[in-house]
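The next block holds one structure in the form of structure tokens; read it before the comments.
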């Protein structure tokens, strides 16, 4: 059985990560929400700062959404932050502030899918349920020689069912973290360090010299690229206009400068004027070009062009595609939660003043 050498290897070689020092259900909850789509080295300082500001469930639940988003700023995928906020409120109100241990109950909480539910249940409560993430899929397809497409749910379920039989024979937290740690540090996507793998003797891909064949995944289509324009509208008193994105939008709840996608063959300047009119009902005059920002999201890329703008009458603002607006001193912009691309604009703006 390969589970025992794996867990022995994990206990001897695990990375020194803050949530492993004193395992706690709340700490596991925070870690797993942050770890989705985020590299470990990136999230560690966020995790440390989060626990200092929000030591327990009730601190998160009682904070307002703007505070939560500001604390999350820079981690991206902000729906995670909003869902974490809602989840902590439900845990406080419905479960007396105690994170549930039942995976089925956990999956009913906002933002908690099968992976996070299994991670919390197994790592925090030793429930014998296996986790399946990218690292696990890579390790298991190589170990078992599975050529199924790992992008399909049936493949993930097949692997989880197989692991669920094995995890019953060992310590769930050590087993799950051991498989994920192996994938993160040894059984890497490229150039895996097989000679230091604790289960190399039973690995199909290693023994058949077919490591490069696993895992199997359908190729993604080309990533779309969008040209975006934004207008930094500045009043005579120096304050600039920011708007708050609707909660049901991408990056919902964050603040931004008015703008949007360039349509057809329109110029960048004309697109900026049109977007400002459509979003806040203001007739803008383009001033000077401020900066260009390139940024990549999970499913698309953007090149953002920012222009300084002015308006003759700003009293007629209407939030046609936003939840709220504020006139803010440039020096106060850092008090608000902005997407990364807008943070670059803010830096250029403050440097130009």
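Between residue 67 and residue 331, what is the FRET efficiency for a Förster distance of 25 Å, r being their Cβ-Cβ separation, to the nearest 0.05?
For R0 = 25 Å, the calculated efficiency reads 0.80.
Rounded to whole Å and sorted largest first, what semi-axes of the equivalent ellipsoid does the C-alpha gyration tensor of region 151-255 yield via the square root of 5 times each eigenvalue? Provide the component values of the computation, followed by the final result.
Values: eigenvalues 441, 74, 50 Å².
After scaling each eigenvalue by five and taking roots: 47, 19, 16 Å.
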>> Output needed for region 71-138: three equivalent-ellipsoid semi-axes, defined as square roots of 5 times the C-alpha gyration tensor eigenvalues, in descending order, whole Å.
In response: 20, 18, 9
>> Helix 134-144 against the longest principal axis of the chain: what's the angle in degrees, Cα atoms only, rounded to the nearest 10?
In response: 30 degrees
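How would 99, 311, 328, 229 line up from fewest to most surrounding beta-carbon atoms within 10 angstrom? Spell out each step's value before the answer.
Details: 99 22, 311 19, 328 16, 229 27.
By the 10 Å Cβ count, ascending, the order reads 328, 311, 99, 229.
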>> Cut-off 10 angstrom, C-alpha nodes, Gaussian network model of the chain. Which of 85, 27, 314 fluctuates the most?
In response: 314
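Evaluate region 225-352: find the radius of gyration of its Cα atoms, find its Kirkwood radius, and give the ratio Rg to Rh. Write down the numbers at each step before the final one.
Values: Rg = 13.4 Å, Rh = 14.5 Å.
So for region 225-352, dividing Rg by the Kirkwood Rh gives 0.92.
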>> Taking R0 as 51 Å, what FRET efficiency do you get between residue 207 and residue 105 from their Cβ-Cβ distance, rounded to the nearest 0.05?
In response: 0.80
> Can you give the Rg and Dmax of region 106-166 based on its C-alpha atoms, in angstrom?
Replying inline: 11.9, 35
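Starting from the alpha-carbon convex hull of region 3-213, give the projected area averaged over all orientations, in nm². Don't skip to the end; give the middle numbers.
Numbers: hull surface 45.8 nm².
Reported value for the Cα convex hull: 11.4 nm².
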>> Could you give me D for region 95-223, from Stokes-Einstein at 37 °C and 0.692 mPa s, where the hydrodynamic radius is the Kirkwood radius over C-alpha pairs? Units µm² s⁻¹, please.
In response: 211 µm²/s
>> For the pair residue 48/residue 247, report the inter-label distance in nm, with labels modelled 7 Å from Cα in the Cβ direction.
In response: 3.4 nm
> On a 0 to 90 degree scale, rounded to 10, what angle separates helix 172-185 from the longest Cα axis of the chain?
Replying inline: 70 degrees
>> Just to compare against my own numbers: the Cα pair-distance distribution for the chain, 10 Å bins, whole % per bin, please.
In response: 5, 21, 25, 21, 16, 9, 2, 0
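Of 153, 323, how do they rank once you tally other Cβ atoms within 10 Å and put the fewest first?
Details: 153 8, 323 14.
The order, fewest Cβ neighbours first, is 153, 323.
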> Of 51, 182, how do they rank once you tally other Cβ atoms within 10 Å and put the fewest first?
Replying inline: 51, 182
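Each value in this text was obtained by applying a stated rule to the coordinates, not by laboratory testing. Being a predicted model, the structure only gives us computed values, none of them experimental. Every residue, glycine as well, gets a Cβ built from its backbone with ideal geometry; the counts of neighbours run over all protein chains shown.
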